[in-house]
Structure formats: C-alpha cells, structure tokens
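So the structure is just underneath, and the comments pick up after that.
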Amino acid sequence: MEFSSKLLENAVNEMAQFPGIGKRTALRLVLHLLKQPKEHTHQLSQSLLQMRDEIIFCKNCHNISDKELCEICANPNRNEKSICVVEDIRDVMAIENTSQFKGHYHVLGGKISPMDGIGPGDLNVQSLVDKVAAGTIEELIFALSSTLEGDTTNFFIFKQIENYNILTTTIARGISVGDELEYADEVTLGRSIVNRIPFENSLKSN
C-alpha cells in the first residue's frame, strides 16, 4: 500500500495494530478522522490518553475502575456475599447486560493455560482464596468460558477452597462447550446465571 504522506502512513500503521483491523480498514478510519473537525480528533486522543494514564483496577475485585473501588463493589445494593468469578472485564460487561446477577465479581485476569505459559500465579487467584478464607462469602459462582482452560481454572480454584464452608456453583450449560462467555446472547447467558448448578455436579457430568 503506497502512501502520499508519511504522517498518514504512520497513523494507519498504528491503527492497524488493533485486533481485527487490517491496513485497509485502518486507512478508512484514519481518512474518516481527517474529514472530522480537529476538535473531534483531539478529544478522541485526549480520551485515550486519559484512559491509559488514569484507569486503575478495583482493589476488591480487580475490575477496571476510575477509583479504588469500582461502581459495582461500591454499590450498597449489591450482595457482597455472592461472588461471580470471571476471566476479564468483557465477561463482567456481558453478565451485567443480562441484569440477572446482583452480587459482586472477581476478575481473574485470564485462565490457566500451560501451553501459553499462564499458571495460577499469573492470575488473581490468591486474593480470591483470601476472600473465601475470611468467611464473609456464602456463594462462589464459576462463570468462566466452557473451554478446557476454563474448566481447568475452575477445578484448580475449587480444590483451593473445598475445605471452606461455602456454596460453589457454576453457570448452567446453556452456553455451548467451547464458547467464550462474551459472545453468548444475553437471554442464554442470563438463564445460565439464574439456573446455575452446584459445581460438583458439573464435575460428574464431565
């Protein structure tokens, strides 16, 4: 792809680094920005810089947040005794869109995957075990994607907390095996949350 401007080429190359965006799509986006008022592009740039520099992780659940506690953890109407364990922020957003869960979350930051060099120590597992050990949680809901890595992570956590007096459940398998949680439709995901089953039952069915 030939460019008449080095500035344009640099912008396209940077934009093309985003997932799912090739050079042609990147060029289309950059040309769109050039057609907009300068203020629009400046505002976009400022928003991205501010997000990257100022966004933090909630000290309680590891969700992304603007403050020490995210809005979900800080909400007094949420049930802090019910914790939904998810892989990342996209899963929090997917479940929140169903309006079927009123507890708190715990974001692991990934799944155990030896092939990718990701072990339990690379995830937010210990802080979850510490929460359970504190004795304030009544139910832990495993809501990881129904993949081999997700099931492995669920089982690892379960073994860490099985000696504590806590109910462990998993979302019902309305989500197809191998599917990522974020791509499930809201109705199916909502029903999976509502109709969750004891985690031990999911072990017997595997």
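Read-outs: derived from the displayed coordinates by stated rules, not from any lab. Worth saying up front: this structure is predicted, and the values here are computed from it rather than measured. Note that each Cβ is placed from the backbone with ideal geometry, even for glycine, and that neighbours are counted across all protein chains shown.
Some values worked out for this structure:
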| read-out | value |
| --- | --- |
| Within the range 124-165, considering residues that are touching a strand residue (DSSP E or B) at 6+ places or on another chain (Cβ under 6 Å) and in a loop (DSSP other than H, G, I, E, B), the one farthest from Asn79 (Cα to Cα) | Ala143 |
| Hits in the range 122-151 (condition: over 17 Å from the mean Cα position of the chain (by Cα) and closer than 16 Å to Glu87 by Cα) | Gln126, Val129, Leu148 |
